[in-house]
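To start, the structure itself, in structure tokens.
The values are calculated or read from the model by the stated rules, or taken from the named source; none is laboratory data. Quick caveat: nothing in here was measured; it's all calculated off a predicted structure. Every residue, glycine as well, gets a Cβ built from its backbone with ideal geometry; the counts of neighbours run over all protein chains shown.
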């Protein structure tokens, strides 16, 4: 299952974009993969279109799918007249009429699926919608086991500037359930330079953490062949110090 409280993280699409930072398409292998694809492209968990829109601006036939309607509405407003198809649906049970030359996830989308049945449900939908010669690219965050330690005391993580020009300090705590392989974060946002003290309600995030061999087994037993894997979107090799693992796959015929 997924954790419904995860959706709290996406309640404010404007500040979500500001907090996430600008996506730079030229810095990723995604542009090359889209260029190699001979057909339509589908992003699963597209959110505010941070990745979908830059690809559409390059002329690709884009579809963005997400479960949060307000994020999609904001994405559509940002996209203006770009011919992007926006679909509000669950990545575990969508059924579209098209097949796609490239399907991808960016960020922690797959990790929002907290058990194997949900993971396999999404992979089945990908398999159904991927063209025979198409490619599926899956992004999964990677944490070295040594870094998977509980941090019960609030730690400062990073800052960003919100839509009103205020500096926001983001802090948080970490808890790891190693039996279920779930990483629980509690995030706190406060405005240290505001005239009056201001703090948002804490937000909680639950992500499934997955090791490389587990991912490859999931992909294999759900009908995919791994063509290549990378340690980030720049195409660097996967190492113990990587922050992501990126898998490029095809359907096994």
| Test: residue in the stretch 191-200 that is outside any loop (DSSP other than H, G, I, E, B) and in contact (Cβ under 8 Å) with a residue 24 or more places away in the chain | no
| remark: Filter the stretch 208-251 for residues that are assigned to a loop (DSSP other than H, G, I, E, B) and within 13 Å of residue 123 (Cα to Cα); the one that is nearest to the chain's Cα centre (by Cα) is 222
| message | I'd like to check which strands (runs of 3 or more DSSP E) are fully inside the stretch 1-119 and have at least 2 residues that are surrounded by fewer than 20 Cβ atoms within 10 Å (Cβ to Cβ). | response | 85-88
| query | Out of all the residues in the stretch 138-159, is one or more touching a helix residue (DSSP H, G or I) at 6+ places or on another chain (Cβ under 8 Å), over 27 Å from residue 17 (Cα atoms) and surrounded by 16 or more Cβ atoms within 10 Å (Cβ to Cβ)? | reply | no
| query | When you scan the stretch 191-200, how many residues do you find that are at pLDDT 90 or above, surrounded by fewer than 16 Cβ atoms within 10 Å (Cβ to Cβ) and within 20 Å of residue 8 (Cβ to Cβ)? | reply | 0
| message | Could you list, ordered by first residue, the pairs with Cβ atoms under 9 Å in which the first is in the stretch 103-119 and at positive phi and the second is assigned to a loop (DSSP other than H, G, I, E, B), at least 6 apart or interchain? | response | 107/45; 107/47; 107/50; 107/51
| Whichever residue in the stretch 201-222 is in contact with a strand residue (DSSP E or B) (Cβ under 7 Å, 6 or more places away or on another chain) and without any contact (Cβ under 8 Å) to a residue 60 or more places away in the chain and, among such residues, is surrounded by the fewest Cβ atoms within 10 Å (Cβ to Cβ) | 202
| query | Is one or more of the residues making up the stretch 132-152 closer than 30 Å to residue 194 by Cα and assigned to a strand (DSSP E or B)? | reply | yes
